[in-house]
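Step one of this worksheet: look at the structure below.
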Amino acid sequence: MGTGMTRRGLIKAGTAASALAVTRPALAAGQAAGGTATASPEQWRTITPELTGYIAGAASHAIPAAIRERARLHILDTLASIVACHSLEAARLGRSYAAAMSPQGGSPILASHLTASATDAVFASAMTAHAAEINDFIPSAYVQPGPAIVPTALETARLNGRSGAELVGAVTAGYEIAGRLPKAIGTRNLYYAGLANHGVAPTFGAAAAAAAMMGLTAEQVDHMLAYCAQQASGSWQWLLDVRHVEKAFVFGGMGARNGMQAAQMAKLGFTGVPASFDNENAWFRWRAFQGEGANHASLVEGLHEDYELSLAAMKRYPVGGPTQPAVRALLDLRGTVMPGEVERITVAMPGEAATFERANMPALNIPYLAAIIMLDGHLDFVSAQSLERQATDEAAKAFAHRVAVIRDEAQEMGEGEDRTESARVTLLRKDGTREERYVAYVPGFPTHPLSKSEVEEKAHELVEPVLGKEKADRLVALCDGLDSAGTVDPIIDLMRFETT
């Protein structure tokens, strides 16, 4: 499946939008902005029975062992993100909203002692999961699946007494639907329709995971998909968000809430337009989704053979994806260079480099990240997210003035080629000597995935400062043993703790 997006599509800098620096769909040569090309006739084959049957049976699918392991690792990565982010603004607001909406609810809000209704609880848990730039993503679909899907799957597994193995099946299906949907519609088409992949896809992914845990029939899944379509939303306006609150809503909370609601509605007997993925007048075949890049049949082609989990990525460092290579190079340089020796640092990277030179969000501002790495000798989660430190640390601000970020077209891929991440960092000492580090990629990208031990190491780094080593060990072990767990309750119990 093609990505539909390239490095050359990076949003240009100049406003707060630059703080988030993502790739948007690039126009194909000769294509008008409206995108008048239509999907080829062969793409219009019936897909509803295959799609609804896949989702309804997800809890018991036969899944290759390697994919099951990746699913368990993505569950761990998401839960570790929730623990690490529990005190951030988006997390606190998500909990406040949930508690205000349903104070008598009995569903646990992860990383807290609070409860709410099931829908409000997963909303708050998902807001927490994406309260910072640390959770997983599928770069070919421009979707961050974990925040919405994992909390929804976990809570519906708890409510319905499902096993750990069934949870793994549901999460796998959620990632499958969330990753495939934007590419089947065409990422350009979503963009031209004003819809952000990051909000649309998690709604369907969370609903698919919930449906599997609720035991919905294929007919009920069909109705559920109609209510997902009605709630498929999310504006690219999130690019303007600096505080990471609206972004957490779009990427996490909204999809979890909408997906859970759609599944609950279908379970209670709500009926919707049948076969909304085949009806030519319904959502999936709407005219805005028939432009160049649409491949509707790809939503179901290769199910049980080609897995989106193999295309999913993890962030090794608590910063945005495009800044990861620069961070890795800077950490390596800090091993041999003290901050007082530095005259100047130049970071050359592909794409709109100015975006990352003046980003308002600390986790994407390379001069700020370079300053705290050199001054502190390491990069920790709190400093990487700290708007306060970015604004008030005078030493960091002074050091940041020594850092330049420039565009290097030689590192860029051609139009239509898959997105890559790289950086060349050159450090000039005050004595005139130079050090250079080139990082072609950071482990975690789909081409070079993090190993099991690396994912567990990252989880320890995120969880230990909050819960301690013993509980970090326990969380890692519980996720690793999900396929033999009779219940998910021990994980949820571990994720219940007092928040500040």
Next on the checklist: What do you get for the angle between helix 452-467 and the principal long axis of the chain? Use alpha-carbon atoms, 0 to 90 degrees, nearest ten.
Outcome noted: 80
Checklist entry - How much length is gained if the chain between Glu388 and Gln237 is pulled fully straight, taking 0.36 nm per residue apart and subtracting their Cα-Cα distance, in nm to one decimal? => result 52.0 nm
Checklist outcome for this item: In Å, the C-alpha Rg and Dmax of the chain are 22.0, 74
Checklist entry - Any idea what angle helix 164-185 forms with the longest principal axis of the chain, computed on alpha-carbon atoms, 0 to 90 degrees, nearest 10? => result 80
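At a Förster distance of 45 Å, what's the computed FRET efficiency of Lys430 paired with Asp480, Cβ-Cβ distance as r, to 0.05? If you can, show how the numbers build up before the last one.
On the way: r = 48 Å, r/R0 = 1.07.
After rounding, the FRET efficiency stands at 0.40.
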Checklist entry - Between Gly161, Asn197, Tyr54, whose Cα lies farthest towards the positive end of the dipole of the chain when Lys and Arg beta carbons carry +1 and Asp and Glu beta carbons carry -1, centred on the Cα centre? => result Asn197
Next on the checklist: Within the chain, how many Lys pairs that are eight or more residues apart, or on different chains, come under 24 Å at the alpha-carbon?
Outcome noted: 17
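Tell me what the chain gives for mean residue ellipticity at 222 nm when only DSSP H runs of n ≥ 4 count, each as -39,500 (n - 2.57), the sum divided by the residue total, rounded to 500 deg cm²/dmol. The partial results should precede the final answer.
Numbers: 19 runs with 221 residues, N = 500.
Computed mean residue ellipticity for the chain: -13500 deg cm²/dmol.
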Checklist entry - In degrees, nearest 10, range 0 to 90: what is the angle between the Cα axis of helix 366-376 and the longest Cα principal axis of the chain? => result 70
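Please arrange Leu76, Leu478 by counting, for each residue, the other beta carbons lying within 10 Å of its beta carbon, fewest first. Don't skip to the end; give the middle numbers.
Numbers: Leu76 25, Leu478 22.
In order of increasing Cβ crowding within 10 Å: Leu478, Leu76.
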Checklist outcome for this item: Computed about the Cα centre, the charge dipole of the chain from +1 Lys/Arg and -1 Asp/Glu charges at the Cβ has a magnitude in debye, to the nearest 20, of 780
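Please report the antiparallel percentage of DSSP beta bridges with both residues in the chain, rounded to the nearest 5.
Percent antiparallel among DSSP bridges in the chain is about 75.
Taking loop as defined by DSSP and a crowding limit of 13 other beta carbons within 10 Å, which GluC sites (Glu not before Pro) in the stretch 323-420 fit?
Glu415, Glu417
Since every read-out is calculated from the coordinates, none of them should be taken as a lab result. Note that the structure is a prediction, hence the values are computed from the model and not measured. So basically every Cβ, Gly included, is an ideal-geometry build from the backbone, and we count neighbours across all protein chains shown.
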